[in-house]
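The values are calculated or read from the model by the stated rules, or taken from the named source; none is laboratory data. What you are looking at is a predicted structure, and each value in this text was computed from that prediction instead of being measured. A quick note on method: Cβ atoms are made from the backbone with ideal geometry, for glycine too, and the neighbour counts reach across all protein chains shown.
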Amino acid sequence: MQSAALAHGKKVVQYLNQKKREITYTVIGTSLATFFITSRIATTAVVTGQSMTPTFNKNSSKSRVLIELMTPVTKVKPNDIVLAHDPEETDAYIVKRVTALAGQFVDVDENCPGTYVRKYAYEGKLSVPSGYCWVEGDNKTNSQDSREFGPIPLGLIKGRVLYTLWS
Amino acid sequence: MWKTRVTRFLECSKWFVGGGVLSILFYDNVGYVHTVRGKSMAPTLNPGPTRALLREQVWLSKLPYKPRVGDIVVFRSPKHGSKLAMKRVAAIGGETIVPSKVMKSGGGPVTMKPGYVWVEADNRDTAGRDSNEYGQLHEKMIIGKVTWLLWPWTRIQDLRKTQLPFQTQ
């Protein structure tokens, strides 16, 4: 009688241990898969500030957007909205729209010049050097962008912003 | 009949998919073997001919770290967004250096913006496709640090102990 109870007890412990292992593997596997997806395929980010109104944050102070990380930087086109490393603050990011690529010219807006534009524009135009791109916020009156800090190297771009998930 | 074949296939393929994902994660976050192209880091790297099979191989570490002076780093080239370049860090953010090209022509010192580094080629004879040409490099363009020379076996060495072969005070 007793040995039957013991055998049953052992089986229960074995079963629980197996379940523990299965759960651990699932957790590890899911974590790796999530890490893989968010570092290489797509991820989300919170956009704050008003530099991209009305596209983002028209009625709110922040929104969560979907970002795809798979496009190579050579395929970035004008009018794409990109997430890039901030050229002025190493650990920060910026969300801006690409308005000109290398070899193209940027028309200078007389009403909203920035430090860089004032310094380097010639006859109302600026050229974008090879390997760089020109980015501007949609809200021209309230955006720190290439007009301030100049064109940014393509290598700083992490991915393209697809759309707003919620704000 | 085909149902069991499909389930068997899925059972086996999970190992391939899992292995693939782990390899890519390793490649992105731990490191990989990288080929040295060009002679801009001679004589430290590629002192000999640089035809395909004779190029040297190094270990490129992608573990998170902050650039230090003397590190050999691989970074996205500011001139061609999709290409990678390899140079040595000569100064980091906050420091002031006299870049080697400027030293030759007698110009003034350059102060690094925080978060930017100055990279120089070890090979003084090359046209200097380094910061002398494109200015300060944003830290986030750096994708990894070269730690070991792995091939050819006769030259295996810890590259972290090597230094700039010239002065920048």
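Any residue that is in a strand (DSSP E or B), within 10 Å of chain B (Cβ to nearest Cβ) and touching a Leu at 6+ places or on another chain (Cβ under 7 Å) - is there at least one of those in region A:62-79?
Filtering region A:62-79 down to residues in a strand (DSSP E or B) leaves A:62-68.
Okay, now just the ones that are also within 10 Å of chain B (Cβ to nearest Cβ), so none.
There is no residue in region A:62-79 that is in a strand (DSSP E or B), within 10 Å of chain B (Cβ to nearest Cβ) and touching a Leu at 6+ places or on another chain (Cβ under 7 Å).
A single entry from B:Val69, B:Val58, B:Val73 fulfils the requirement of being of a type outside the set (D, E, K, R), closer than 28 Å to A:Leu101 by Cβ and modelled with pLDDT of 80 or more: B:Val73.
Counting the residues of region B:14-51 that are hydrophobic (A, V, I, L, M, F, W, C) and either assigned to a loop (DSSP other than H, G, I, E, B) or away from chain A (no Cβ under 14 Å) (or both) gives 7. In region A:121-133, the residue that is surrounded by the fewest Cβ atoms within 10 Å (Cβ to Cβ) out of those that are over 17 Å from the mean Cα position of the chain (by Cα) and within 14 Å of chain B (Cβ to nearest Cβ) is A:Ser130.
Mind listing whichever residues of region B:35-71 are of a type in the set (S, T, N, Q) and over 24 Å from B:Ile92 (Cβ atoms)? Working first, answer last.
To start, the set of residues in region B:35-71 that are of a type in the set (S, T, N, Q) comprises B:35, B:40, B:44, B:46, B:50, B:57, B:61.
Answer for region B:35-71, where residues must be of a type in the set (S, T, N, Q) and over 24 Å from B:Ile92 (Cβ atoms): B:Thr35, B:Asn46, B:Thr50, B:Gln57.
Restricting region A:143-167 to residues that are part of a strand (DSSP E or B) and more than 11 Å from every other protein chain (Cβ to nearest Cβ) leaves a set whose member that is farthest from the chain's Cα centre (by Cα) is A:Trp166.
Listed here are the residues, each with its yes/no results for (1) at pLDDT 90 or above; (2) touching a Phe, Trp or Tyr at 6+ places or on another chain (Cβ under 8 Å); (3) loosely packed, with under 14 Cβ neighbours inside 10 Å.
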{"position": "A:Ser3", "(1), (2), (3)": "no, no, yes"}
{"position": "A:Ile28", "(1), (2), (3)": "yes, no, yes"}
{"position": "A:Asn57", "(1), (2), (3)": "no, no, no"}
{"position": "A:Thr71", "(1), (2), (3)": "yes, no, no"}
{"position": "A:Ile81", "(1), (2), (3)": "yes, no, no"}
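Annotation: of all residues in region B:117-129 being within 14 Å of chain A (Cβ to nearest Cβ) and buried (at least 22 other Cβ atoms within 10 Å of the Cβ), the one that is farthest from A:Asp91 (Cα to Cα) is B:Val119.
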